[in-house]
Amino acid sequence: MEGTFALLGPLDLLQLLARGGKKGVFQTLAPSGKGAVYLHGSRVTHAHWGGVVGEEAMMRVLLLKEGRFRFIEGAEADEVTLERDLDHYLLQAIRRLDDRVEVSPFDRVKFGQGGRVGHLTLNPDELALFTHLSKPISVLDLAVASEKPLRTVMTTLGHLARLGVIEVEHRAPHTARLTLAIKDPLPPYAHVDELLLSTWRLHYGRFDHVHVRVDNRTLSLPVRGAENLGGLLLLGTGQLIMHELQAGQTLMVWPALPHAGGA
C-alpha cells in the first residue's frame, strides 16, 4: 500500500490502518524529511523522524501536509519508544493542528460507536463535557450543563469529532432555550451569545430583532451579540420592568425575520 497525501493525510491513513487491525510500518517521505511509524493494531510501538524518536517523531509524521507514504505489512520495530494507543497521539496532533469538524451551537452530539474514550489522555475541558454525554445533547445545552464557554465547547467537540470519539448530528439553527439574566447598565437591547447570533445570521440572513416567547406572550426585542453568554439572554432592569419579566425565567428565543411568523 502506497500513495501520496493528496487525498488523505497521515492522521486519516493511520487511523484506517489501526481500525483494520494492521501490523507493520508506515513510512513517509516529505520535503521536510523522512519518518516512520510502527503499528501493532491500535497500538503504536515506535516512531522515528531523522534522528528523533518517540512522541516528537510521531507528531512530525502526523502533522505532515504533503509527501508520500508506503505501508509495509508485517514489519516490526527493533526498539519500543511508544506504548500508547494510536488514538492518544492522534488527539495530540489534532490539538496542535486545530484540525476539527465544524460544530454549531444547535447540533446534537453523542458518544461515537467506537467507544475509544478510555484510551485517551483527556484535558479538563474534555473531561467536563464527557460527564454530560450519557445521552444525546445539543451543543448549547452541553455548554450550559458543563458551565464552559460556548466557544470552548464547540472547539473541543470539533476536535473529538475529528477523531471519531463523538458523533455530531448537524441541525439547522432553530429556537434557543435561554435563561433570562440582568446586567446593568445595559443599552436597550437583548444580548445573546455572539456565536448564536452569527450562526442564526449565517443561516437566515441579516436581522436586528429576536422574538422572545414568555408564557402566552411573544415579544420582539432588538438584539446584539456579546461574548461568553452561552445559555443566557441579558436584559437591563428597565427592560425587565417594561416587559414584566423576571430574572431566571426560561425563554424561547428565535430570529425575528422579515415576513416570518412564529417559532
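Before moving on, here are some points about what is shown:
- Some residue of region 235-251 being of a type in the set (Ser, Thr, Tyr), over 18 Å from Asp208 (Cα atoms) and within 31 Å of the chain's Cα centre (by Cα): yes
- Any chance Thr179 is at pLDDT below 90 and of a type in the set (Ser, Thr, Tyr): no
Table: residues versus (1) in a helix (DSSP H, G or I); (2) in contact with a His (Cβ under 9 Å, 6 or more places away or on another chain); (3) outside the structural domain of Gly21 (by TED's automatic domain parsing).
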position	(1), (2), (3)
Glu66	no, no, no
Asp125	yes, no, yes
Lys135	no, no, yes
Ala143	yes, no, yes
Lys148	no, no, yes
Val153	yes, no, yes
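- All of Val44, Val52, Val80 fail the test of being buried (at least 18 other Cβ atoms within 10 Å of the Cβ) and free of Cβ contacts under 8 Å to residues at least 60 places away in the same chain, apart from Val44.
- Residue among Ala6, Ala47, Ala77, Ala36 that alone is touching a helix residue (DSSP H, G or I) at 6+ places or on another chain (Cβ under 7 Å) and either in a loop (DSSP other than H, G, I, E, B) or not assigned by TED's automatic domain parsing to the domain that holds Leu160 (or both): Ala47
- Filtering region 227-250 to residues that are surrounded by fewer than 20 Cβ atoms within 10 Å (Cβ to Cβ) and closer than 18 Å to Pro173 by Cβ leaves only Leu232.
The values are calculated or read from the model by the stated rules, or taken from the named source; none is laboratory data. Model, not experiment: these values are computed from the prediction. Every residue, glycine among them, receives a Cβ derived from its backbone with ideal geometry; neighbour counts consider all protein chains shown.
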